[in-house]
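Take a look at the structure set out below.
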Amino acid sequence: MMKRVLILHGWGGSDYPHWQSWLAGELAKDYGNVCFPLLGNPHFPNKNKQMNQIKSILKSYQPEIVICHSLACTIWFHLCNEGKISPVEHLLLVSPPSNNCGIDMIRKFFPASPPKNLHAKEAFLVTSNTDPYLTIEEAKTLKKELGVEMLMLENAGHINDQSGYGEWDWVLKWTKERIK
């Protein structure tokens with residue numbers, strides 16, 4: 001049986017042609033078990049409401065693999081620090097924003113302390129050396145604080161469709177290696 005994959009978007013969602021919507025479609029093509037929910041009010045998010053929504057999804061869907069992009073990484077950190085979620089097998093954190101990102105609309109999500117326990121047997125971090133929301137130094141510090149491996153992409157911006165990440169073969173390969 002294929003493992004259940006939960007894909008969590010960041011601020012504003014990850015509509016097509018974003019790599020997250022592309023990945024959900026690619027996994028579904030092979031009759032994969034994928035959940036790619038629209039989190040409540042993505043353009044004007046509420047931290048507590050989104051945390052509660054994700055907790056509900058985690059409880060009912062019980063994913064083995066969770067893939068977070070941007071603000072979803074921050075929410076995952078809050079959930080881990082709260083300690084009320086069950087562990088997953090694999091966690092992919094892509095483009096987490098800095099606690100100092102300075103975006104007024106999402107300021108209530110910060111600060112988010114890097115959790116001592118990511119509630120995952122395996123966790124992996126992907127960042128970019130040109131992410132406007134996380135400096136190279138902040139990425140290296142976060143990697144160390146989380147105690148995870150990190151892939152730093154060259155000139156990938158915020159690793160979204162605006163920076164050329166619609167189809168993203170690496171994330172599909174990473175997921176498929178863990179799905180069976």
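Laboratory data are not the source of any read-out in this text; all were calculated from the coordinates shown. Note that the structure is a prediction, hence the values are computed from the model and not measured.
Table for the structure above
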item	result
Debye intensity ratio I(q)/I(0), log10, the range 92-146, q values 0.14, 0.19, 0.23, 0.31 Å⁻¹ (C-alpha model)	-0.38, -0.69, -0.98, -1.37
Reachable aspartates and glutamates from Lys59, criterion Cα separation under 19 angstrom, eight or more residues apart if same chain	Glu82, Glu89
Over the range 4-179, equivalent-ellipsoid semi-axes from the Cα gyration tensor in Å	21, 19, 17
Inter-part distance where the range 49-78 and the range 152-175 are each reduced to a Cα centre, Å	21 Å
Relative contact order, percent, the range 4-179 [alpha-carbon distance under 8 Å, six or more residues apart]	24 percent
